[in-house]
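The values are calculated or read from the model by the stated rules, or taken from the named source; none is laboratory data. Everything numeric here is computed off the predicted structure, so don't read it as measured data. Because the Cβ atoms are built from the backbone with ideal geometry, glycine has one as well, and the counts that use them run over all protein chains shown.
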């Protein structure tokens, strides 16, 4: 297994399924989608930038929120909507599914979750989730950063 898979696997293993996170995910996936105006998303984008600049929003959380705004702004097919009970079941099962999977299956699973993973040198710069991962609330349930990433860059995991 590569260092890349170790770190992505650690993020998947860290999916939070506590009551508070599950409540936030269920609220997000069952909310009626609205179509915000460009003014609304512009305000949201500015508010996010200010929170990020103030240090109250991590880089990963900021990028996930901006990505969500981009998806809202872009004309596209509506995201698949899932039943709340199905979302909770899938979130709880995902870490075990990752652990049981063979390397080829893990790559398929990573592609289903991560739309894009930005790497600079040997450091993760950002991760972007797929529309399906967003529809499952993974932006709320995944840990806020990829394991091993700090402001100084990536430290390869020790065995």
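Has the stretch 51-64 got at least one residue that is at pLDDT 85 or above and in contact with a helix residue (DSSP H, G or I) (Cβ under 7 Å, 6 or more places away or on another chain)? Taking every residue of the stretch 51-64 in turn, at least one turns out to be at pLDDT 85 or above and in contact with a helix residue (DSSP H, G or I) (Cβ under 7 Å, 6 or more places away or on another chain). On inspection, residue 148 fails the criterion of being loosely packed, with under 15 Cβ neighbours inside 10 Å, over 19 Å from residue 17 (Cα atoms) and modelled with pLDDT under 85. State which residue is surrounded by the most Cβ atoms within 10 Å (Cβ to Cβ) when the search covers only the stretch 86-115 and only residues that are modelled with pLDDT of 90 or more and outside any helix (DSSP H, G or I). Checking each candidate, the answer is 101.
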